[in-house]
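Just below is one structure, and these are the notes that go with it.
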Amino acid sequence: MKDFIKYTTATIVGIFLCSIIMSVISIIAIAGMAASENMTKPIKDECVLRLKLNGTIEERASEDPFAALAGEDFEIISLEEALIAIDKAKDNENIKGIYIEGGMLEATPAMLQELRNALADFKESGKFILAYGDNYSKGAYYLASTADQVLLNPIGMMDWSGMASQPLFFKDLLEKVGVKVQVFKVGTYKSAVEPFICTEMSEANREQVNSYLGSIWKNMVKDVAASRNLKPEAVNALADSLTLLADPEVSVKGGLVDKLCYISEVKKILKEKAGIEEDESIKFVTTKDVAKAETLQEKISDEVAVYYAYGDIVDTRSTSFLQEAVICGEDVIKDLQELREDDDIKAVVIRVNSGGGSAYASEQIWHEVELLKAEKPVVISMGGMAASGGYYISCGANAIYAEPTTLTGSIGIFGMVPDASELLSEKLGLKHDVVKTNAMSDFGSLMRPFNEAESNLMQAHVNKGYELFTGRVAEGRKMKKDDVKAIAEGRVWTGEQALEIGLVDKLGDLDDAIAAAAELAKSEEYSIGRYPAPAPWFQNMLNQTKSSYLDSSLKELMGEYYSVFSSLQNMKGQNPIQARIPYFINIQ
């Protein structure tokens, strides 16, 4: 019996040690493959850059070599990487053209517009763009419309049905479980609180959503009409009939698609355009391949730094598995200090893509931008959103650039504190008592709602925050405070509208902002540095936990409702005073 236990224990220990050794070997092997893939490689002759439009576009995407092994189909497209690749492909003689694969693409309109402008600029090189899809979402078609030819599968689907916003409201649901949300705000249009206290959109919110949706759609229609040599009125009229279930022939007759064909014919067309022999295979390169391809240039001491700030603005990083990319006040302050102290950096472009968040963190970042601006020029490049707190951290810069469809403004403050007393006492049967030394010793307790004095105190604090916010904008934009308040009230504007009312200086993309920063710094020759440096893939691997896989699964399962669930889960860890655009920007 003793020998049996001894041999059994030895076998178990051996299996355990073998598993560890095999795991280490696997990690080293994968690390080697990842390292070899990340090495700079020259682009082969007669290549075609393939741009797959299936997934979600984000400002930057971290590398995850284990995603394929985990069987994840959810693709994240890095806008930074795609823009660099398209720009390099324009001048690389080995890249003959771009092949766009349509699909179901999700992205903010401004990010689509910036990527579309890069594709249009690529065409100026004389190289071809060919687009084909089994299906096209609105965003995917908006990009594909830049192509010389737009092809669609004979039984494929295309969505060009206009734009809609369908916000969700939780008031009745919260009441059923015994939770009320105590709201304190400034701004008629500050609609971030509406899902928690209303069952439908307020008239003010409906007005602003109708305004910015109309502005965004007008830009998209205008761009597509120009690329397809159609009248904007005709392109807009097609939106009444072109849903995903429409007959593909409607797209052809309307002039949005050139031809219906299968993939076999697409390959023939692609070979002809790329000058590839019929019996040869097409060599595709990805945006990652091209973005990382070596660029030969002389070393230049002057540098324009591009600092990426995207996601919710938070005071500190959360350990919640639902926390995605964030603008962490503590991290950003440290990073901007380092950029300020680097003598080789002559100017800084802050790329902002945020709907806001903590008012406290926004103020701290604003202050650090002011210190940076005192040393060197600071230019803001607005991405998909730079609203509320996102505008707060932008307003003091030397210059602000935005895309026509960027969502910005939303200058307002609000506070939300949940009252779970009914849930705890009536639903769960929990009773409470209190002993306190002073009148407000239990201020903020979930066991009871605010009294009148506490409500007045909260509202006064929010009012003070609004005065500070509008004052910062007035100072940064060189406007009278009353004039700022006239366009504030929490109202959301598009970049096109913001230009007219003085909230931004020019319409343009990241390249335009970089050129402006260099000009302000009087640097005729300069290199471009990008910060913060992306985390290495193995660090992402070490941060991968069971919860991250749950996060990915929730994204696929919940679709558009994921952001709602995510924000509700994270709300308890947020600063109660928020400078935030409406919680859930729902644009379809």
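Calculate, for H367 and D279, the FRET efficiency according to 1/(1 + (r/R0)^6) with r their C-beta to C-beta distance and R0 45 Å; round to the nearest 0.05. Kindly include the intermediate steps, with their values, before the conclusion.
Details: r = 65 Å, r/R0 = 1.44.
After rounding, the FRET efficiency stands at 0.10.
Would you mind working out the magnitude of the charge dipole of segment 220-373 relative to its Cα centre, with +1 at each Lys and Arg C-beta and -1 at each Asp and Glu C-beta, to the nearest 20 Debye?
On the way: 19 positive and 31 negative charges, 152 e Å.
The dipole of segment 220-373 has a size of about 740 debye.
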**Alpha-carbon centroids, segment 226-263 and segment 373-416: separation in whole Å** = 36
**Complete:** Once amide hydrogens are built 1.01 Å from N within the peptide plane, the residues lying 5 or more places from S388 or on another chain with amide H under 5 Å from its amide H are G409, S410, I411
**Complete:** Output row, site D302, 7 Å Cα→C-beta label point, backbone N cut-off 19 Å, window segment 485-529, residues 511-529
**Request:** Just grab the label-to-label distance for A374 and N210, each label 7 Å out from Cα along the Cβ direction, in nm (one decimal).
**Result:** 4.8
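Ranked by Cβ crowding within 10 angstrom, fewest neighbours first, how are S202, S191 ordered? Intermediate results must be reported in sequence, preceding the final value.
Values: S202 14, S191 27.
Neighbour counts put them in this order, fewest first: S202, S191.
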**Prompt:** Which ³J(HN,Hα) values, rounded to whole Hz and listed in residue order, are derived for segment 376-386 from phi using the Karplus coefficients 6.51, -1.76 and 1.60 in 6.51 cos²θ - 1.76 cosθ + 1.60 with θ = phi - 60°, glycine and proline given as x?
**Reply:** 7, x, 10, 10, 9, 10, 8, x, x, 9, 8
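What are the equivalent ellipsoid semi-axes of segment 159-281, built from the alpha-carbon gyration tensor (square roots of five times its eigenvalues), in whole angstrom, biggest first? Could you put the intermediate results ahead of the total?
On the way: eigenvalues 416, 72, 39 Å².
So the three semi-axes of segment 159-281 are 46, 19, 14 Å.
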**Request:** Give the order of M104, M385 when sorted by the count of other beta carbons within 10 angstrom, beginning with the fewest.
**Result:** M104, M385
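Using a 10 Å cut-off on Cβ atoms, rank the peptides 144-150, 204-210 from the highest mean neighbour count down. Working shown, then result.
Values: 144-150: 23.7, 204-210: 17.3.
Ranking the peptides 144-150, 204-210 by packing returns 144-150, 204-210.
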**Request:** Starting from the Cα of K96, draw a straight line to each of the aspartates and glutamates and keep only those under 12 Å, dropping any in the same chain fewer than 8 residues away.
**Result:** D45, E46, E272
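Show me the ranking of peptides 351-364, 253-266 by mean Cβ neighbours inside 10 Å, starting with the highest.
Working: 351-364: 25.8, 253-266: 16.1.
Sorting 351-364, 253-266 by mean packing, highest first, produces 351-364, 253-266.
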**Request:** Evaluate E = 1/(1 + (r/R0)^6) for I76 and A237, where r is the Cβ-Cβ distance and R0 equals 41 Å; express this FRET efficiency to the nearest 0.05.
**Result:** 0.75
**Item:** Cα centre as origin, Lys/Arg/Asp/Glu Cβ charges: segment 418-473 dipole, Debye
**Value:** 180
**Message:** Run the simple label-point estimate for E93 and V434 please: 7 Å along Cα→C-beta, distance reported in nm.
**Reply:** 7.8
**Message:** Give me the one-decimal nm value for the distance between modelled label points at E452 and N229, 7 Å along each residue's Cα-to-Cβ direction.
**Reply:** 7.4
**In order through segment 449-457: 3J(HN,Hα) via Karplus (6.51 cos²θ - 1.76 cosθ + 1.60), integer Hz, x for Gly, Pro** = x, 5, 8, 4, 5, 5, 5, 5, 5
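Evaluate E = 1/(1 + (r/R0)^6) for E524 and T199, where r is the Cβ-Cβ distance and R0 equals 60 Å; express this FRET efficiency to the nearest 0.05. Mind showing how you got there, number by number?
On the way: r = 59 Å, r/R0 = 0.98.
Working from the Cβ atoms, E equals 0.55.
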**Prompt:** So which of K90/K506; K436/K481; K436/K464; K259/K283; K138/K373; K44/K346 end up more than 31 Å apart by C-alpha?
**Reply:** K436/K481; K138/K373; K44/K346
**Request:** Could you name the lysines whose alpha carbon sits less than 24 Å from that of K427, not counting residues in the same chain fewer than 8 places away?
**Result:** K171, K176, K180, K572
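Would you list I86, I487 from fewest to most Cβ contacts within 10 Å? Working shown, then result.
Values: I86 23, I487 19.
If I rank by nearby Cβ atoms, fewest first, I get I487, I86.
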**Rounded to whole Hz, the Karplus (6.51, -1.76, 1.60) HN-Hα couplings of segment 141-151, x for glycine and proline** = 5, 4, 6, 5, 5, 6, 5, 5, 9, 10, 10
**Asked** Can you give the extra length, in nm with one decimal, that the chain gains between A120 and D45 once fully stretched, where that is 0.36 nm per residue apart less the Cα-Cα distance?
**Response** 24.7 nm
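Rule-based calculations on the coordinates, nothing more; no lab input. What you see is a predicted model; the values in this text were computed from it and never measured. Because the Cβ atoms are built from the backbone with ideal geometry, glycine has one as well, and the counts that use them run over all protein chains shown.
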